[in-house]
Amino acid sequence: MLFIFKYINKKSWFLLGYFALFLESVTPIIAILLQRDLIDKVFIEKQYEEFPMILALYAIFFFGPKLCFTVRRVAFFHISYHLQMSLTNDFLLKIYDMPAAIFNKEHVGKLLNHIRNDIADASDLSVNQILSESVKNIFTIVFLSYSVANISFIMLIVVITVAIIYYVLLHKFGEKTKQFSQCVKEEKSNISIAIEESISAVREIVAYNRQDWQLKNYEKKFSDYFKAIVKQSLFKNKILFLSEPFLLGTKLVVILFGGMSVISNKISLGEFVVSFTLVDQLATELGQLFEQVLTGKRLVASVECIQSVMGKDNTELGSIDFIDNIKSIQFKDVTFSYSPDSTPVLNNLSIDFPIGKKIAIVGESGSGKSTIAQLLLRSYLPDKGELYINDVPVNCYGKQYSDKISVVFQQPHFIPSSIKENLIFDKEYDQLDIENVCKEMLCHDFIVGFPNQYETQVGERGTTLSGGQKQRLALSRAILKNTEVLILDEATSALDTETEFYVQKNIDKLRKGKTTIIIAHRISTIQNADIIYVLDKGNVVAQGTNESLMTESPVYKKLYTFQQVI
């Protein structure tokens, strides 16, 4: 609950909620106590003139709680809704701030399950159950106990005994309840992962005719989930089987003591009826409180699932404001591997990139080209050595660093929105500027060919677009952002040779005087670069222009010659 309270930002609503809760707890007890006067004064003592007043008060105190219940539910629902929104916002921010090395180990389906189920459950259980229903149960139990004690202290002792038995049961079954909840959540998460994989890989599944295999995998996951649900349900039934007899026994004991008290004229008939009703209600409230405490164990399971992600380390970024222009980019003796037990991808790499130039990085697959881009983006930090921007380690800069560098990947991401929304990404651009950039990237013509033109919906992850169309739109998006450094990581690999030639030519024109780093396999993409770095086994083995490398670098010449052959 301490974890939950940090995210509750609508605490003022508690005043309204608890005021309604207080009235909801008290008014039914007053209605029950009025039954004593109804029986003793009206029916036994025949004071019929009291009947209209008692009936009117009974109606008020009987139906009043219904209004209070509605107000309470609305107030606590409001708190729960904003809690869920606040938790989800912080959860997403945590994902954004999480180091890539940690994030890559978290399955997307599992993260989605945390948001859809664990955060939703934690918000509902903490507010609508623990802070609302449980508090109401406690208030009602206190008021009922006081009312019962005024009629018969022995009956109160009986109820206290039942409460102690409930406490023993709670201690016995509480931890098991948490374990079963965690098991169910884990299996439910596995189902989410299986479904997410089935949908995201639908093309590969159909292409390889693996539909039956995928369905069997899902059925197995669902079977495991079903077994976990059955075990949890059987355990709940076991708790009910052991606890329900105590409720029935309590009522029988009250009838015994109450009946004997009426026979011996210690209490009136009205007091007996009221005391039985009060104790019956008290036993019910104790049972509900017992259920709420078990609900608390489920809450613990949900919160622990959330904390398993929220408790991870953030990316360690500095606080230096990046105000100046980028004047230097230096890799100094950088060594990096994606996991501690793997071979380093970069090995004592040292590069001093010239600023304002067109820079190319080439090499065979696995030579470390894309890793350089990832380090420049601060997705990862070097294991050894340092990456400096303006003679300052990149991790020392604040979030403004991201405004200095943009990137276009081989497979760019698109949100399920319009083409324009995917181009501007919540920035403000003049429509004419957008169209001019799209013309330069050779995508304006196919955009206006759509019925809705720039308002055309691209579908989930841009599924309505071809690979070449997505790459040209991503290039337009990056050119519009107009950052000091632009990284193109196989950004034109889906384009035909002619289209690529004109796109690259236009990029050179638009990016003249700015730093553009091109990572590519195709030598034709980078032949006119101001400087080309040749990577082999995580280090620079040659650098220079295309002409000089053809005569001085066997590795570069091999790449060039092989591509000419194929």
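The values are calculated or read from the model by the stated rules, or taken from the named source; none is laboratory data. Because the structure is a prediction, the values reported are computed rather than measured. So basically every Cβ, Gly included, is an ideal-geometry build from the backbone, and we count neighbours across all protein chains shown.
Every test in (1) modelled with pLDDT of 75 or more; (2) over 22 Å from LEU38 (Cβ atoms); (3) of a type outside the set (Gly, Ala, Ser) is passed by VAL253 save one, and that test is (1). Taking (1) under 39 Å from the mean Cα position of the chain (by Cα); (2) without any contact (Cβ under 8 Å) to a residue 60 or more places away in the chain in turn, ILE487 satisfies each apart from (2). Scanning the range 436-449 for residues that are touching a residue at least 12 places away in the same chain (Cβ under 8 Å) and among the acidic types (Asp, Glu) yields a single hit, GLU440. When restricted to residues that are in contact (Cβ under 8 Å) with a residue 24 or more places away in the chain and in a helix (DSSP H, G or I), the range 403-429 contains 6. Screening the candidates LYS327, LYS312 for the property of being basic (Lys, Arg), modelled with pLDDT under 80 and either more than 30 Å from SER365 (Cβ to Cβ) or assigned to a strand (DSSP E or B) (or both) yields one hit, LYS312.
Within the range 508-543, the residues that satisfy the criterion of being of a type in the set (A, V, I, L, M, F, W, C) and without any contact (Cβ under 8 Å) to a residue 24 or more places away in the chain are VAL541, ALA542.
Tell me, which residue of the range 225-250 that is small (Gly, Ala, Ser) and at pLDDT 75 or above is nearest to the chain's Cα centre (by Cα)? By that ranking, first place goes to ALA228. Residues that are surrounded by fewer than 15 Cβ atoms within 10 Å (Cβ to Cβ) and in contact with a Phe, Trp or Tyr (Cβ under 7 Å, 6 or more places away or on another chain): does the range 343-352 have at least one? Yes - at least one qualifying residue is present in the range 343-352. Scanning the range 438-458 for residues that are part of a loop (DSSP other than H, G, I, E, B) and not small (Gly, Ala, Ser) yields a total of 8.
Residue pairs whose Cβ atoms lie under 6 Å apart, sitting 6 or more positions apart in sequence or on different chains, and linking a residue in the range 463-483 that is free of Cβ contacts under 8 Å to residues at least 60 places away in the same chain to a partner that is surrounded by fewer than 19 Cβ atoms within 10 Å (Cβ to Cβ) and assigned to a helix (DSSP H, G or I), are ILE479/LEU510.
State yes or no: is THR161 crowded, with 19+ Cβ neighbours inside 10 Å and assigned to a helix (DSSP H, G or I)? Considered against the rule, which asks whether it is crowded, with 19+ Cβ neighbours inside 10 Å and assigned to a helix (DSSP H, G or I), THR161 comes out as no. For the residues PHE153, PHE139, the requirement of being surrounded by fewer than 21 Cβ atoms within 10 Å (Cβ to Cβ), aromatic (Phe, Trp, Tyr) and in contact with a Phe, Trp or Tyr (Cβ under 9 Å, 6 or more places away or on another chain) singles out PHE139. The residues on offer are GLU304, GLU285, GLU291, and the sole one that is free of Cβ contacts under 8 Å to residues at least 12 places away in the same chain, assigned to a helix (DSSP H, G or I) and either in the same structural domain as SER80 (by TED's automatic domain parsing) or surrounded by 20 or more Cβ atoms within 10 Å (Cβ to Cβ) (or both) is GLU291. Scanning the range 338-362 for residues that are at positive phi and either of a type in the set (Lys, Arg) or touching a Gly at 6+ places or on another chain (Cβ under 6 Å) (or both) turns up just one, GLY356.
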